[in-house]
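See structure below.
The values are calculated or read from the model by the stated rules, or taken from the named source; none is laboratory data. Not measured: the values here are computed from a predicted model. Note that each Cβ is placed from the backbone with ideal geometry, even for glycine, and that neighbours are counted across all protein chains shown. Note: areas computed on protein heavy atoms with side chains; ligands, DNA, RNA excluded. Shrake-Rupley method; radii C 1.70, N 1.55, O 1.52, S 1.80 Å.
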Amino acid sequence: MEMPLRRIIAVTALCAAALGAAGLARAANDDPYSQLQTRLAQGWNTWDTRSVLTQVHLPDGAWFTPEFTLDGEVLRAVQPGERNPNGAVVALGRHALDGSYTEWTLTWKGMSVKVETAADGDQDSMLITPLRGGEKATVRFRVGSGALGLPGRSGDDRGALELAEVRPLTGPVAWMWKRRPAASVFPLLVSDNVTRARNAFLRASAQPGLPTETSGAVASAIGWDTIYDAPHHRVLTPVSRAWNVNWGGWVLFDWDTFFAGYVAGYFNRDLAYANVIEMLRERAPAGFVPNYSSARIGRSLDRSEPPVGSLVVQRLYRRFHDRWFVEQTFPALLAWNRWWAAHRAVDGYLAWGTEPTGLDYDLQDVAVDTLQGAKYESGLDNSPMYDNAGYDSKAHRMEMADVGLLALYVADCDSLADLADGIGRTAEAKELRVRSAAFGAKLAALWDEKRGMYLNRDLARGAPSTRVSPTNFYPLLTQVPTPVQARRMIREHLFNPAEFWGEWVFPATPRNDPAFRDQFYWRGRIWGPMNQLVYWGLERYGTADERRQVAQKSEALLLKDWRERGQIHENYNAARGTGDDVTSSDPFYSWGALLGVLGWDEPNLQ
């Protein structure tokens, strides 16, 4: 007899507790989060991270996928971008978060087809429309049950089977599943289903006062990257499908996943909460949220990543006002906050680090207790800010007081104190405000009056470090800068075309730094999370016009590759405004969507 999904979650909870698993305890069936995950894990969607072609139905695990044949070769699976070994290229299009509508274009061996799906309850329709070169191609649908390791429908012993009917791509090919697969259906019927689903998606993704194109792109970025992790019985949004496959089925990175939750919150509260809670459940035994956690490699036990979780939780709480969400996330966020002060403080400042564990893990991850490991904790793996930084192997920390980390930590303290007030945790609120004041004073000491900016401090030499990035503007997230200091930072540096301003903003390395020419990863490229954090700082200190300019330029960057290639990149070239000029920019990465949402909390800016 098939075990209901909610029961599976509950049994998993007991097992996890018995094994002493790190993270938040799995909830009972009547817990709001258990109910939330049950709501999410329903219906037809692109749940299988291995291929965008495959449609899977939850909770029973029924599935189908089109199989294309051309010139004697068969194409059964494909990922976004241009890195498929079979030469296939997929340009992803719109994707409803609930799977009710998806679209994508496949180009392969000179053939190009547009594929659309429309799901409604147990029914799922697929329409394949040839665009060019498909005269010699055929398609058939492989169907089955038990996708993702799920048990399949009760009493369903069909397993995987291939439909014998092969359809030529000389015209539109329609497919429909309604209890039983039916390939021989009228294309007009399926076309009507698809048209209704497409129009419903456009209505649902539209945000008041915002261009439908932008909101559709943002929703699609989250929709395509949302998957079902069957072993843990959870719906969540990892960074991208390609990263998932490379890391054994799923991979979560600290600030990436929190930001995926923030963006999802504009369209689906349940998915927003799921991403935040699942990232917190991956906590390391020491109490910090890890740099990474994955199916194949496990968790990073030596290092964390930028502490943005409380900032996201605070904004989601202001949007939805669900006390249970704060009560469930607050203990983990507080433990993480305390960990930073206990493990990364040096002379009252904070520095990135990596601590050996004494376990086999230290041999498996070569970055443990190295300068590179500390760079990984910063999230800015190869930033030129750290090119000449020293590493204290006894303290296990980079020898640099970091403006970005200090500012994010002070903001973390402030956000958590505000959340503590909201749930009646008076003592913790006081504790957090004491830490905010102490570390805020050390942040204030990093102000350089001559430069008009907060600068990192080389702790080995006792001198400021003049290499900067958008992280040097993170103090705007706090109450530490004076109004005069904030205006100098914004006017003299952020909006300075010689440094961070320009047609495309904000480069991770200023334009007058020699490393800007590298345009490789964090050396000169533009990243959604940096734009988002700087924008949040401008909400406190910037003008409405300044925020509008930043939001519009960020949106234009997002839409450029979305319109041209159906891609939303991990990072972008700050000189060209493109994402596909390097192989180190994933073509469909969840936090790229941040570029489209700046200012959404301020509709009057649009």
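Under 5 Å between amide hydrogens, built in the peptide plane, is the criterion, and for Gly348 it picks out nothing among residues at least 5 positions away or on other chains. For the chain, the tally of Lys pairs with Cα-Cα distances below 29 Å comes to 12, considering only residues 8 or more apart or on different chains. Name the shape class, rounded, prolate or oblate, that the alpha-carbon gyration tensor gives for the stretch 340-388, where a ≥ b ≥ c are the square roots of its eigenvalues, rounded holds for a/c under 1.5, and otherwise prolate holds if a/b is larger than b/c and oblate otherwise. Oblate, since a/c reaches 1.5 and b/c is not below a/b.
Mind checking the dipole of the stretch 539-606: about its Cα centre, +1 per Lys or Arg Cβ, -1 per Asp or Glu Cβ, Debye to the nearest 20?
Working: 8 positive and 12 negative charges, 31 e Å.
So the dipole magnitude of the stretch 539-606 works out to roughly 140 debye.
Name the residue from Leu598, Leu538, Phe520 whose Cα lies farthest towards the positive end of the charge dipole of the stretch 479-606, charges +1 on Cβ of Lys and Arg and -1 on Cβ of Asp and Glu. It is Leu538. Rounded, prolate or oblate: which one fits the stretch 399-500, using the alpha carbon gyration tensor with axes a ≥ b ≥ c (rounded when a/c is under 1.5, else prolate when a/b beats b/c, else oblate)? Judged from the Cα gyration tensor, the stretch 399-500 comes out prolate (a/c at least 1.5, a/b above b/c). The candidate values are (1) 23.8; (2) 26.9; (3) 34.7; the one derived from this structure for mean projected area of the Cα convex hull in nm² carries the label (2).
What does the net charge come to around Met111 if you take all other residues with beta carbon closer than 9 Å to its beta carbon, with K and R at +1 and D and E at -1? Before the final figure, lay out each step's value.
On the way: positive: Lys109, Arg132, Lys136; negative: Glu135.
So the environment of Met111 carries a net charge of +2.
Close amide H pairs (under 5 Å, H built 1.01 Å from N) link Arg299 with Ser294, residues at least 5 positions away or on another chain. Treating the angle as unsigned and between 0 and 90°, give the value, to the nearest 10°, between the Cα long axis of helix 254-264 and the longest Cα principal axis of the chain. Approximately 60 degrees, to the nearest 10.
Hey, what's the chain come to in accessible area per residue, 1.4 Å probe, Å²? Walk me through the numbers on the way to the answer.
Numbers: 22050 Å² over 606 residues.
With the other protein chains kept in place, the chain gives 36 Å² per residue.
Counting only Cβ charges, +1 for Lys and Arg and -1 for Asp and Glu, the dipole size of the stretch 488-606 around its Cα centre is about 200 debye. For Gly93, the residues whose modelled amide H falls within less than 5 Å of its own, excluding neighbours fewer than 5 places apart on the same chain, are Glu103, Trp104, Thr105.
So how strong a dipole does the chain carry about its Cα centre when Lys and Arg Cβ are +1 and Asp and Glu Cβ are -1, to the nearest 20 debye?
Numbers: 65 positive and 71 negative charges, 133 e Å.
Result for the chain is approximately 640 debye, rounded to the nearest 20.
Using only alpha carbon pairs under 8 Å that are at least six residues apart, calculate the relative contact order of the chain and give it in whole percent. Don't jump to the answer; show the numbers that get you there.
Numbers: 1255 pairs, mean separation 62.3, N = 606.
Relative contact order here is 10 percent.
Contact order, relative form, for the stretch 520-606: 39 percent (alpha carbon pairs under 8 Å, 6 or more residues apart, mean separation divided by residue count). What percentage of the solvent-accessible surface of the chain, computed with a 1.4 Å probe over protein heavy atoms, is contributed by carbon and sulfur atoms? Taking all protein chains in place, the chain shows 52 percent carbon and sulfur surface.
When the charge dipole of the chain is built from unit charges on Cβ atoms (+1 for Lys and Arg, -1 for Asp and Glu) and taken about the Cα centre, the candidate among Tyr589, Pro85, Thr102 whose Cα reaches farthest toward its positive end is Thr102. Between Asn496 and Ala345, the C-beta separation translates, for a Förster distance of 25 Å, into a calculated FRET efficiency of about 0.15.
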